[in-house]
Amino acid sequence: MDDGSVSPAEQSFCNRCGSQLWLFDSRWPEYLHSFASAFDTPLPKPPAFLDNFLSSRSPWTVLHEGGAIERLDGPYSVGMEDWHRQRGLWVELAPVAPALTRQTGALVHQTVNSFD
């Protein structure tokens, strides 16, 4: 982290291929963030993208092209939930107990996008 402290985030990886499956951070206990690599079915193309931290990206990083793209040099100014809500992409799900979810290995994500 910027201040030299260690992040409290917990990450889970696939035992077979090493793909990142999910991230849990106690600073935001209501969320369990899953990664696209955790899904074995095709995902729909999102209607909007956010490319951030551009000033510190690696030279080989490929940015999104075309469509609705926001680009920021630093972090986004609103939380992930608010960003999705502002664009009509937020779907409410029943609450999930992150501790139970992490213990069982279930892949559940509170931030689900609806792409119609």
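The values are calculated or read from the model by the stated rules, or taken from the named source; none is laboratory data. Since we're looking at a predicted model, the values are computed, not measured. No Cβ is skipped: glycine too gets one built from the backbone with ideal geometry, and neighbour counts run over all protein chains shown.
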**Complete:** Of the residues in segment 71-84, those that are surrounded by 13 or more Cβ atoms within 10 Å (Cβ to Cβ) and within 16 Å of the chain's Cα centre (by Cα) come to Y76, M80, E81, W83, H84
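Yes/no matrix, rows are residues, columns are (1) modelled with pLDDT under 80; (2) not aliphatic (A, V, I, L, M):
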| residue | (1), (2) |
| --- | --- |
| P47 | no, yes |
| S55 | no, yes |
| L72 | no, no |
| S77 | yes, yes |
| M80 | yes, no |
| R87 | no, yes |
| W90 | yes, yes |
| L93 | yes, no |
| L100 | yes, no |
**Prompt:** Limited to segment 1-44, what total is found for residues that are surrounded by 10 or more Cβ atoms within 10 Å (Cβ to Cβ), over 26 Å from W90 (Cα atoms) and among the charged types (D, E, K, R)?
**Reply:** 0
